[in-house]
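Everything on this sheet refers to the single structure shown next.
A short reminder: the numbers here are calculations on the coordinates, not readings from a lab. Worth saying up front: this structure is predicted, and the values here are computed from it rather than measured. Cβ sites come from the backbone with ideal geometry, for glycine too, and all protein chains shown count toward neighbours.
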Amino acid sequence: MATPAPKCPKPMKATSNGVFQGDDPLDYALPLAIVQICLVLVLTRVLAYVLRPLRQPRVVAEIIGGILLGPSALGRSEKYLHTIFPPKSLTVLDTLANLGLLFFLFLVGLELDPKSLRRTGKKALCIAGAGITVPFLLGIGTSFALRSTISQGVKQAPFLVFMGVALSITAFPVLARILAELKLLTTDVGRMAMSAAAVNDVAAWILLALAIALSGSGSSPLVSLWVLLSGAGFVALCIFVGPPIFKWMAGRCSDGEHVDEIYVCATLAAVLAAGFVTDTIGIHALFGAFVLGVLVPKEGPFAGALVEKVEDLVSGLFLPLYFVSSGLKTNVATIQGAQSWGLLVLVIFTSCVGKIVGTIVVSLLCKMPIQEALTLGFLMNTKGLVELIVLNIGKDRGVLNDQTFAIMVLMALFTTFITTPIVISIYKPAKLAVTKYKHRTIQRKDASKQVRLLSCFHSTKNIPTLINLIEVSRGTQKKEGLRVYAMHLMELSERPSAILMVNKAKKNGLPFWNKEEASDSNQVVVAFETFEQLSQVSIRPTTAISPMSTMHEDIITSAETKRVAMIILPFHKHQRLDGHFETTRNDLRNVNRKVLQQAPCSVGILVDRGLGGASHVSASNVDFTITILFFGGHDDREALAYGMRMAEHPGVTLVVVRLLVDPEVAGGSVKLDMNQNSTPDNQPQDEVVISSLKQRISNNASIKYEERTVKDAAQTLDAIKSHNRCNLFLVGRMPEGQVIASLNKNSECPELGPIGNLLISSEYSTTASIFVVQQYRSQLSQDALSSLEEGEISDGNESN
């Protein structure tokens, strides 16, 4: 009697009628998919949080999460596996995962700029070539050991190529994230790693296409040839047809306006169509999406809009499903016995040796320092999502069995996990920074020496005032007299496409521009270039790409390596139309506070009220009145030194107002704060700078000096209010002396000090911008430090 054929499980319906009508929601596709997605998201995010102290990229947490949800850990329970991931649900799960992967590979293609690949130097090409060739050959060697033991019976040609590709891949997106986290993006090692990884990425996709073509089920080799030729024809067709259409679409998207929805929909539909074509050819649907992503123009708002529409849903919801889909195929329990574990060690060893040694040898031949060559070797050994894609395709095509697949997944996890700790231990660019330099303040004995400023900005709104401040700071020296490093502060978010900004690096050293500000970027670049040509100032734009929590480290390191005398920071609030200030972002305040505490030079905070209007004022049209309120002390002397430099500009009138206590009350009615360093030593120094100022006045009619004696806080306020009709106030952050001791020092923004807070308060009416200065000292006064610490405590109570 013939045995009955096994019954196929009934296809799952999409939605249930609910538990009250006797339905189990987990027997239906949609509720089950929701449970699976939520479980994956919770587990991967928790793991990412746990691994954060180890500085691991999120992909490590997602790979581990996938393995834990599969048969290696939780999946050992049959009840769990058949309830949450029943076999009949895997088709829906894989479809969603691959759909998410399709669009994610489109985003990866968007990150690769063909123009930058064409500009890749010979050194990066040689390093990339060695990083592919050596591990590829070792992978082929390893494949013979595997075929003779645990992978008997598989086709030789596709297995050789799959093993070679799996060992030679460098994960470009993961590498970029690691470099950003370690603050190596803008270093020589980081730039070299990014260039070599981009070349490696493209080569890996070409080799993968070859591997897929060879792994077809057709017995005739002509089938593989047809697949390869059809794939090459598809790519050629896309190269000829795609760019003109995408350029036309990008050209129709005007700067400063929202991208029309029809263009976004048309592009996403084209991605799906390209995936269908490559799947029909027999390569893989992912290739079509990746190729289209590479061909989309990277300039202008179009690419940014595509990322904005697609990224969060894809990388946040659908992509983690791919790691689960991969984890369900990974059973670590299949690695049993000394032979299997020995093969795992062999695969990890050959992967690391091939990639690391190959990269190091070529790097040394290219005359790179040994420390940088070693770092580059470990960075290029980073694996990630692309590695998993290769392994999953190999598994689905029957090229990799369960045991080989598990070994290769663990190899990818191990090599990525070790990258960050090893790079941190062997490469410390901060140690290479020059920490000793002389001119850390504006106030100096020889005023003719070059002044270097690091001017920071986080949005295009800061640019006009910043340029006008630089204009009046240039003095009368030649172009070498003032060098300004204009640093764009860009937040590195958790979003993968934050790496897009890396690819917008210009060869001429101009900053990367954020996609939200893409419409303004050309205007800003033109503004800086035009200003440099018209003025006697050397401007070097640079960029800090970092999480806000560590942005201050980038600023401080940059100031130290560039040997600047002053860091200029934007105030964390902006002025509304009604004149009141509103917090832009509170984490910018924390950046300012940490820089004030740890800066290796003087610091200035610029409160922007539109100095000179909304555009750059040319040198011949400058007509500014700048007022310095001088009470005494280190910070006030630094403000005065800066003001004296400004006074050299022919369009600037400098008014110095010195506030002194009335002799009648100087005897003791004003209580002194002895923690302020208001020692007798400070008074002669104040007299020296005032005496020097008086000598300058005799030769310079644009400088005016007046002394005001005051008896109490009310008279001090009146004296300050009488000078509200100026363009810029220049004040010290922590003034010293008897007059300032009489003022109420409880302030909302301690980083501005008592006078800065007074000038931004609603009680004081003025349209003048404010520049608050803190002079560098090897050890700040206790009062200066404690005021910043008090501000940290009161952060939670701040209202806009």
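Structure notes:
- Equivalent ellipsoid, segment 19-418 (semi-axes from 5 times Cα gyration tensor eigenvalues, Å): 30, 29, 22
- Greater than 27 Å apart at Cα, pairs in 309/395; 247/309; 445/694; 123/183: 309/395
- Each semi-axis of the equivalent ellipsoid for segment 150-232 is √(5λ) with λ an eigenvalue of the Cα gyration tensor; in descending order they amount to 34, 15, 8 Å.
- In terms of overall dimensions, the C-alpha atoms belonging to segment 1-105 reach 61, 39, 30 Å along their principal axes, ordered largest to smallest.
- Counting Lys and Arg as +1 and Asp and Glu as -1 over every other residue whose Cβ lies under 15 Å from the Cβ of residue 703, the net charge comes to +2.
- Shape of segment 242-393, Cα gyration tensor, a/c cut at 1.5: oblate
- Comparing Cα centroids, segment 130-168 and segment 180-250 end up 20 angstrom apart.
- Between residue 557 and residue 88, the C-beta separation translates, for a Förster distance of 51 Å, into a calculated FRET efficiency of about 0.35.
- Relative contact order, percent, segment 19-418 [alpha-carbon distance under 8 Å, six or more residues apart]: 30 percent
- For a label point 7 Å along the Cα-to-beta-carbon line of residue 152, residues of segment 325-347 with backbone N under 16 Å: 339-340
- Segment 69-86 and segment 373-420 have their alpha-carbon centroids 24 Å apart.
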